[in-house]
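The values are calculated or read from the model by the stated rules, or taken from the named source; none is laboratory data. Values in this document were obtained by computation on a predicted structure and should not be read as measured data. Glycine also receives a Cβ, built like all others from the backbone with ideal geometry; neighbour counts cover every protein chain displayed. Only protein heavy atoms, including side chains, enter the accessible area calculation; ligands, DNA and RNA are left aside. Shrake-Rupley method; radii C 1.70, N 1.55, O 1.52, S 1.80 Å.
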Amino acid sequence: MAVTEDPGKPRNWSERIGVLQDRIYDKIFHNYVWQSIFRSGYPNTPRNQMLVVATNVFLHLHPTRLHRTHVKVTHTYCLGGLTFFMFLILTVTGVLLMFYYVPSVERAYQDIAELETNVKFGLLMRNMHRWTAHAMVILVFLHMMRVFYTGAYKPPREFNWVVGVILLVLTLVLSFTGYLLPWDQLALWAATIGLGIAGSAPYFGDETQLIVFGGFEIGPSTLLRFYTLHVIALPLLAAIFMAVHFWRIRRDGGMARPL
Amino acid sequence: MAVEAQRPAARPAEPARPRPKREREEEVLVWPDLVFIEFVAAVLFTITFLLLSVFINAPLLNHANQDVTPNPSKAPWYFLNLQELLLHMDKSWAGVLLPTVALAFFAVIPYLDRSRQAQGVWFGTKYAVRLTVIAAVYAVVVSAGLVIFDAGDRTHTESLTRWIPSCDTQAAHQGSPCLRDADPTKHEGIISVKDVSKRLQFSVPFPNIWGIHDKNLDWPGDLDHIPVPLNNVCGNIGSFHLWCDMHLNIPVIMSDQVIPLSTIAFLAVLIIYVLFRLGWVRTRRDVFLIMFTAVMASYLTLSMIGSFFRGQAQALIPPWDIKVDEG
């Protein structure tokens, strides 16, 4: 709300500065454009604090209020949220890496090598992508353990636990498909072990190798398949399951509480 | 809340009790209480990984080359446990079936443990902490122990079974169980479970039926190519070849499937049974607590062994002896 009251004439310099501050504040936060973006006022009253959560698309994943015990860090250690945060960092750094990377056997390795030496912050982006990817796998496991040991999978949250197990698998597969992309010796032979494991599936071994790896040995079609899975198919799938996962937390009554 | 208001107002006989707090009073606002914590956690992680990325570079080895196999070549750490299992049992069990069983087990936990007790608090049941610690230690010891036993030539666990005699290479039938030695001057006990199909030999008297012609049923010679009934019927469903020319290798099934899997199953049942008899396992939740903990702990243990204790040709060696031959 704009300041409508007449504050009277400022009597000294500090009051003058105060008036100036109010004017600037009004100009920034109470103008037509700002209020078209942020519907609620500055979150300094309980009402606005609830509105800011409820009316913001990103914050509305949260309820507006929650039980005191759930705010304690030792209850969740933020593990699920941090896993999601890793996913966000991976998306941003991954997009930046995609600018410089061509998934062909001829170019992939060279592109990564040049990214590290010729691109500003290229090495940093690749390192971030690598380490946060490992962190995401670790955090997914830790989050799963947290949910298990706090009994948070119990009714009515059974299905959300299953969605979580699917997300665990997706995270592992996402990480594994990314492992091949630098097309170095580490990548090739790790993927070869994966190929062997996939081929050992009873009855469907050959089919799994053909469909997932694009052949019976690691080659250009494997690289292209893993790239496509890694940059679009699996992240999209993971995002869908994450949306369900977060939605279900709210629908199933928020975080688990003792009876 | 409305119910409380309808209670009779005056009850002067009772001493003053603190009014139980209402649900709403126990709640805090997400903004700022939760959003602040999330923000701090995100900032801390961003800074941590930024610093980590500044100081430690992601590995980039030589250009991929199909002709040059690094020794040892390893899967990423989270699949190293599967790679480790591959050394000890049939590859379809190690690589596909056991992980599938483990994931399916995870997924069905909430459908089998439906009680609502012990939720929303860490280790909610009476003996939960104790059970978790015992299950974790047990799983670490057992999985490491089995790996050590299965590398008998390096860890000398073969000496435990050296009392089994060496096979008489001249005899047509071995009679009582014996171990065939590649080097006749050096007798070794069971080096790994695979020796059950590779080196163990014995025979029992048997009538001349079912393809036996010498009145003796020999292990493994007479049992490694048993035709499955009706295996001359060949049919294709799509590209799958079903039931065609299928033979069973009983000794290999024994050493690569039956023994490893029944050992795992037996050891799992054993710990649950013992803890049950001690009276610490009281609910279904407790059973799942043990199983979940044991799966997680052995997953981690096998990953560690795969990462730090497997050298060239996947031999079990201490970390400081591992040398990678890049080829």
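Some values worked out for this structure:
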read-out: Cross-chain or 6+ apart pairs with Cβ under 6 Å, segment A:25-41 first and outside any helix (DSSP H, G or I), then surrounded by 11 or more Cβ atoms within 10 Å (Cβ to Cβ); value: A:39/A:55; A:40/A:48; A:40/A:51; A:40/A:52; A:40/A:55; A:41/A:48
read-out: Members of segment A:66-109 that are more than 17 Å from the chain's Cα centre (by Cα), closer than 28 Å to residue A:180 by Cβ and of a type in the set (Val, Ile, Thr); value: A:102, A:105
read-out: So residue A:68, is it more than 10 Å from chain B (Cβ to nearest Cβ) and open to solvent by 90 Å² or more (accessible area, probe 1.4 Å); value: no
read-out: Residue, farthest from the other protein chains (Cβ to nearest Cβ), within segment B:127-138, restricted to residues that are of a type outside the set (Phe, Trp, Tyr) and in contact with an Asp or Glu (Cβ under 9 Å, 6 or more places away or on another chain); value: B:131
read-out: Failed criterion for residue A:57 (all others in (1) within 14 Å of residue A:246 (Cβ to Cβ); (2) open to solvent by 40 Å² or more (accessible area, probe 1.4 Å); (3) in a helix (DSSP H, G or I) hold); value: (3)
read-out: Those residues of segment A:180-199 which are within 17 Å of residue A:221 (Cβ to Cβ) and surrounded by fewer than 23 Cβ atoms within 10 Å (Cβ to Cβ), in sequence order; value: A:181, A:192, A:195, A:198, A:199
read-out: Residue match in segment B:312-326 (condition: hydrophobic (A, V, I, L, M, F, W, C), more than 15 Å from residue B:148 (Cα to Cα), out of contact with any Gly (no Cβ under 6 Å at 6 or more places or on another chain) and surrounded by 18 or more Cβ atoms within 10 Å (Cβ to Cβ)); value: no
read-out: Residue in segment B:132-153 that is in a loop (DSSP other than H, G, I, E, B) and either in the same structural domain as residue B:283 (by TED's automatic domain parsing) or surrounded by 13 or more Cβ atoms within 10 Å (Cβ to Cβ) (or both) present; value: yes
read-out: Selection from segment A:60-79 of residues that are farther than 14 Å from residue A:250 by Cα and assigned to a helix (DSSP H, G or I); value: A:68, A:69, A:71, A:73, A:74, A:75, A:76, A:79
read-out: Selection within segment B:169-185 - part of a loop (DSSP other than H, G, I, E, B), surrounded by 10 or more Cβ atoms within 10 Å (Cβ to Cβ) and at pLDDT 80 or above; value: B:173, B:174, B:175, B:176, B:177, B:180, B:181
read-out: Which numbered condition residue A:76 fails, given (1) exposed (fewer than 13 other Cβ atoms within 10 Å of the Cβ); (2) modelled with pLDDT under 95; (3) more than 9 Å from chain B (Cβ to nearest Cβ); value: (1)
read-out: Filter result (more than 9 Å from chain A (Cβ to nearest Cβ), closer than 20 Å to residue A:199 by Cβ, open to solvent by 50 Å² or more (accessible area, probe 1.4 Å) and in contact (Cβ under 8 Å) with a residue 60 or more places away in the chain) within segment B:83-114; value: B:87
read-out: Check on residue B:296, in a helix (DSSP H, G or I) and open to solvent by less than 30 Å² (accessible area, probe 1.4 Å); value: yes
read-out: Checklist (1) under 18 Å from the mean Cα position of the chain (by Cα); (2) open to solvent by 20 Å² or more (accessible area, probe 1.4 Å) applied to residue A:162, failing item; value: (1)
read-out: Residue list for segment A:99-113, filter: part of a helix (DSSP H, G or I) and open to solvent by less than 80 Å² (accessible area, probe 1.4 Å); value: A:108, A:109, A:111, A:112, A:113
